[in-house]
Amino acid sequence: DGRQPPSEILCMELPEQAEDIALALSERKGAKVTVFEPQRGTKHKLVELALKNAKDALAKRNAHLARAHERTIGACEALAKAVGMDHTPRRIEGYDISNTQGVLSVASMVVAIDGEAARKEYRIFRIKTVEGANDFASLNEVLGRRFAHGLQEKAEREEQGLSPIGGKFSDLPDLVLIDGGPQQLRFARQALLDMGADVAMFGLAKKQEEIFLPDREDPICLDHHTPELHLIQRVRDEAHRFCITHHRGLRGKASIHSQLEDIPGIGPKRRKALLTKLGSMKAIREATEEELLKVPGMNQAAAKAVRKWADAQEKK
């Protein structure tokens, strides 16, 4: 990497071809480099200190790897036992629903692979068939759509000799987490059964962090300090965060859209052009008539209408 070798390299044990190594390093340095194994004195103690530091670093690394394994693969293994699976889930999917009084309903799908968040696999669904704030029906719709896409894409990729892993929806989950109790789980489970998909599923109720299974009446209560509970809490919380974040963005866009609808002569194309060119409501309100005329599709009358609206907004 361009750094010059030191004059002396002290070894715990001399490597093979130590003389050749010393010669090569000397050529790089342009001066003599000595490679040797000190047997006593200060230099021997330096080697012993280096060995101690190496052992300490290795112990820390192993401890870090052990903790990482416990919260990921180890948590998946323990979760499989808790919910009665006969294999460790590689891919876990979590779902959540968000809406504002039944309007702009969206659902999130987040993914953990081998116990770690796989953000490239996250998906957002706009609810299409459900009116009002009906989380049960919304879950049914979303899971039905997700598995319809997944099963079709999986079959297509297999026909082409491709692995399901790598498609947009074809990598099906081993385990599905639903944010909620028995009722939410029932609706979600029915969606999978309707699609002919046999995938392990459970619900996680927030109040007591209880796990509900489709074929079991009594909930499962895991110790609150276990890695498997922490894993499914992370998946559940991430599904909620991802859903809320996207829903807030939709609400903001809807608010901007509704404000621009109040301006006479500003239709859908001009609304889009204004936002594309100027970037924000603040910029639109502050734009001069000349700047507005530079927006594609704007004419003198439309620019004057926007300025009149902006002036009225400032007086409110």
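Here are a few things to note about the model shown:
- Of the residues examined, ILE73 is one that is under 17 Å from ILE232 (Cα atoms), within 27 Å of the chain's Cα centre (by Cα), of a type in the set (A, V, I, L, M, F, W, C) and open to solvent by 30 Å² or more (accessible area, probe 1.4 Å).
- Residue identified as open to solvent by 70 Å² or more (accessible area, probe 1.4 Å) and assigned to a helix (DSSP H, G or I) among ASP20, ASP56: ASP20
- Looking across the range 189-200, the residues that are open to solvent by less than 90 Å² (accessible area, probe 1.4 Å), in a helix (DSSP H, G or I) and not basic (Lys, Arg) come down to GLN190, ALA191, LEU192, MET195.
- Subset of the range 119-143 that is within 22 Å of the chain's Cα centre (by Cα) and within 16 Å of VAL199 (Cα to Cα) - its residue that is modelled with the lowest pLDDT: LEU139
- Residue match in the range 94-113 (condition: surrounded by fewer than 17 Cβ atoms within 10 Å (Cβ to Cβ), β-branched (Val, Ile, Thr), on the phi < 0 side of the Ramachandran plot and modelled with pLDDT under 90): yes
- In the condition set (1) under 30 Å from ALA68 (Cα atoms); (2) touching a helix residue (DSSP H, G or I) at 6+ places or on another chain (Cβ under 7 Å); (3) of a type outside the set (D, E, K, R); (4) surrounded by 14 or more Cβ atoms within 10 Å (Cβ to Cβ), LEU139 is compliant with all but (1).
- Subset of the range 233-284 that is among the charged types (D, E, K, R) and surrounded by 17 or more Cβ atoms within 10 Å (Cβ to Cβ) - its residue that is modelled with the lowest pLDDT: ARG271
- Counted residues, the range 23-53 - those being part of a helix (DSSP H, G or I), of a type in the set (S, T, N, Q) and open to solvent by 90 Å² or more (accessible area, probe 1.4 Å): 1
- Filter pass, ALA24 being modelled with pLDDT under 95 and under 20 Å from LEU51 (Cβ atoms): no
- Close pairs from the range 1-29: first in contact (Cβ under 8 Å) with a residue 24 or more places away in the chain, partner open to solvent by 90 Å² or more (accessible area, probe 1.4 Å) and of a type in the set (S, T, N, Q), Cβ under 9 Å, at least 6 apart: ARG28/GLN4; LYS29/GLN4
- Flag for ARG146 being open to solvent by less than 30 Å² (accessible area, probe 1.4 Å), at pLDDT 85 or above and among the charged types (D, E, K, R): yes
- Inspection of the range 118-126 finds a residue satisfying the criterion of being surrounded by 15 or more Cβ atoms within 10 Å (Cβ to Cβ) and out of contact with any helix residue (DSSP H, G or I) (no Cβ under 9 Å at 6 or more places or on another chain).
- Within the range 201-232, considering residues that are part of a helix (DSSP H, G or I) and open to solvent by 20 Å² or more (accessible area, probe 1.4 Å), the one nearest to ILE97 (Cα to Cα): HIS230
The values are calculated or read from the model by the stated rules, or taken from the named source; none is laboratory data. These figures come from a predicted structure and were not determined experimentally. Cβ sites come from the backbone with ideal geometry, for glycine too, and all protein chains shown count toward neighbours. What goes into the accessible areas is simple: the full protein's heavy atoms, side chains included, and nothing from ligands, DNA or RNA. Shrake-Rupley method; radii C 1.70, N 1.55, O 1.52, S 1.80 Å.
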